[in-house]
Amino acid sequence: MPIFNLKSALAGLALAAAATTAQAEFPERDIEVIFPWPPGVTMTSSQVMAEAMSEELGVNVTVISTPGGTGVKAMETAMNRPADGYTIFDGWVAPMVVQSLLGNIDADHTAFTPLYALGAVPNSVIVRADDDRFPDFESLVQYMKDNPGDLRYTSGAYGNLPHVGLANMFKATDTVAQHVPYAGLEEALKDMRGGILDFMAGNPGFVRANSEHVRVLTALSDLQSVQDIFGGVPLIAESEAVDYPLTGLAPMGWSWYVVPNGTPEEHVEVLREAMAAALERPEVKGYFESIGRPLLGYPPEDYIETVDAVREQLSTATDAIEWEAEKLGSIQ
């Protein structure tokens, strides 16, 4: 007959109580959001979300800029952190999908457990406001047909999502231009205003902040909501000059707050509840609206299906960068 050991039972109850308390108290310390880009408007978006989550959780949620390798450095940093709920990755499409497809990181979105989608960043083709060579997108395409490889442009970093979007534009129109990498768009804009660059990619926040100096030729999208964000400019999907292959979220930058796989489920749920509440805050909605960045808010159950669909489109779209390089090499 088993003997009841009071001392062991009490010890077991104490351990269980301690574990329950530890779970109930999560988080007990500050949380870090690993952000893949340099400081700027996009980082501020993440900081707005982090601040709202801080208020929901009762601890500081700090955004840490970790640029490098078009998001690869930040993704690897997040993956190498303990899966304890104290590290969130602001998982952008560039490292999780594009760089994964390009073979620059041996991981993808399935290495993480989702919280909620944060926001999207549509892209556009912009020129200098007073550049009368290109009154519209079609004239830009025609110029590149007549003068292959003469124009210089930037998407920012080489191989980023805007670069993929523009390379697909070239491939679809059988045109090409010279890509010049830049660490930041502000420096690129100085060079475009000085005549060193002819056009560049621009997101709504950048366009609004520099409206006196730039003009949008087309938005790289097929969505009416994106057209509205850019103030009614033509969509590339509507142009007769190109049969643009990317649709939906595929040509956009977007991010999803995620945590490393293996994070305790109870910690994941606490973070999800905090982010869901933060997404509903008026100040969060107002900020994203003010910079022209759609606040997505897709729930965790949509993560795999949504990202897989984008990955499927981009699995062939990334080949356009290689096509661009070969095309440029053939005419030089």
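Which condition breaks for Met192 when tested against (1) part of a helix (DSSP H, G or I); (2) at pLDDT 95 or above; (3) closer than 14 Å to Asn123 by Cβ; (4) not small (Gly, Ala, Ser)?
Tallying (1) part of a helix (DSSP H, G or I); (2) at pLDDT 95 or above; (3) closer than 14 Å to Asn123 by Cβ; (4) not small (Gly, Ala, Ser), Met192 fails exactly one: (3).
Quick one: would you say Ser225 is assigned by TED's automatic domain parsing to the domain that holds Glu51, within 19 Å of the chain's Cα centre (by Cα), small (Gly, Ala, Ser) and surrounded by fewer than 20 Cβ atoms within 10 Å (Cβ to Cβ)?
no
Test each condition in (1) farther than 18 Å from Ala120 by Cα; (2) at pLDDT 95 or above for Thr218 and report the one that comes out false.
Of everything listed in (1) farther than 18 Å from Ala120 by Cα; (2) at pLDDT 95 or above, Thr218 misses just condition (1).
On the basis of being within 22 Å of the chain's Cα centre (by Cα), of a type in the set (Lys, Arg), closer than 23 Å to Pro39 by Cα and surrounded by fewer than 23 Cβ atoms within 10 Å (Cβ to Cβ), does Lys190 make the cut?
Values: within 22 Å of the chain's Cα centre (by Cα): no; of a type in the set (Lys, Arg): yes; closer than 23 Å to Pro39 by Cα: yes; surrounded by fewer than 23 Cβ atoms within 10 Å (Cβ to Cβ): yes.
No, not satisfied.
State whether one or more residues within segment 61-74 are in a helix (DSSP H, G or I) and farther than 15 Å from Ala157 by Cβ.
no
Does any residue of segment 253-268 turn out to be farther than 26 Å from Asp130 by Cα, surrounded by fewer than 20 Cβ atoms within 10 Å (Cβ to Cβ), among the charged types (D, E, K, R) and in the same structural domain as Trp92 (by TED's automatic domain parsing)?
Yes.
Report, ordered by the first and then the second residue, all pairs with beta carbons closer than 9 Å, sequence separation of six or more or different chains, a first member in segment 275-286 that is under 12 Å from Tyr116 (Cβ atoms), and a second member that is among the aromatic types (Phe, Trp, Tyr) and outside any loop (DSSP other than H, G, I, E, B).
Close Cβ pairs satisfying both conditions: Met275/Tyr116; Met275/Tyr257; Ala276/Tyr116; Ala278/Tyr116; Leu279/Tyr116.
Can you pull out the residues in segment 263-300 that are among the β-branched types (Val, Ile, Thr) and either in contact with a Leu (Cβ under 6 Å, 6 or more places away or on another chain) or under 14 Å from Thr87 (Cα atoms) (or both)?
Of everything in segment 263-300, those that are among the β-branched types (Val, Ile, Thr) and either in contact with a Leu (Cβ under 6 Å, 6 or more places away or on another chain) or under 14 Å from Thr87 (Cα atoms) (or both) turn out to be Thr263, Val268, Val270.
Spot the failing condition for Glu305; the list is (1) modelled with pLDDT under 95; (2) out of contact with any strand residue (DSSP E or B) (no Cβ under 7 Å at 6 or more places or on another chain); (3) in a helix (DSSP H, G or I), and only one is missed.
(1) is the only condition that Glu305 fails.
Quick one: count up the residues across segment 94-129 that are buried (at least 22 other Cβ atoms within 10 Å of the Cβ), assigned to a helix (DSSP H, G or I) and of a type in the set (Val, Ile, Thr).
2
Filter segment 275-295 for residues that are at pLDDT 95 or above and of a type in the set (A, V, I, L, M, F, W, C) and give the result.
Correct list: Met275, Ala276, Ala277, Ala278, Leu279, Val284.
Which of (1) within 30 Å of Ser255 (Cα to Cα); (2) in contact with a helix residue (DSSP H, G or I) (Cβ under 8 Å, 6 or more places away or on another chain); (3) modelled with pLDDT of 95 or more is the odd one out, the single condition Gly205 does not satisfy?
That leaves (3) as the condition not met.
Can you find even one residue in segment 42-55 that is at pLDDT below 95, touching a Ser or Thr at 6+ places or on another chain (Cβ under 7 Å) and either outside any helix (DSSP H, G or I) or within 26 Å of Gly103 (Cα to Cα) (or both)? Show your work before the answer.
Taking segment 42-55 as the starting set, the residues that turn out to be at pLDDT below 95 are 42-45.
Now narrow it down to the ones that are touching a Ser or Thr at 6+ places or on another chain (Cβ under 7 Å): 43.
Next, from what is left, pick out any that are either outside any helix (DSSP H, G or I) or within 26 Å of Gly103 (Cα to Cα) (or both): 43.
For segment 42-55, residues at pLDDT below 95, touching a Ser or Thr at 6+ places or on another chain (Cβ under 7 Å) and either outside any helix (DSSP H, G or I) or within 26 Å of Gly103 (Cα to Cα) (or both): present.
Could you tell me which of the residues Glu326, Glu289, Glu283, Glu312 is part of a helix (DSSP H, G or I), closer than 26 Å to Pro122 by Cα and not assigned by TED's automatic domain parsing to the domain that holds Gln99?
The conditions single out Glu312.
The values are calculated or read from the model by the stated rules, or taken from the named source; none is laboratory data. What you see is a predicted model; the values in this text were computed from it and never measured. Neighbour counts run over all protein chains shown; Cβ positions are idealised from the backbone, glycine included.
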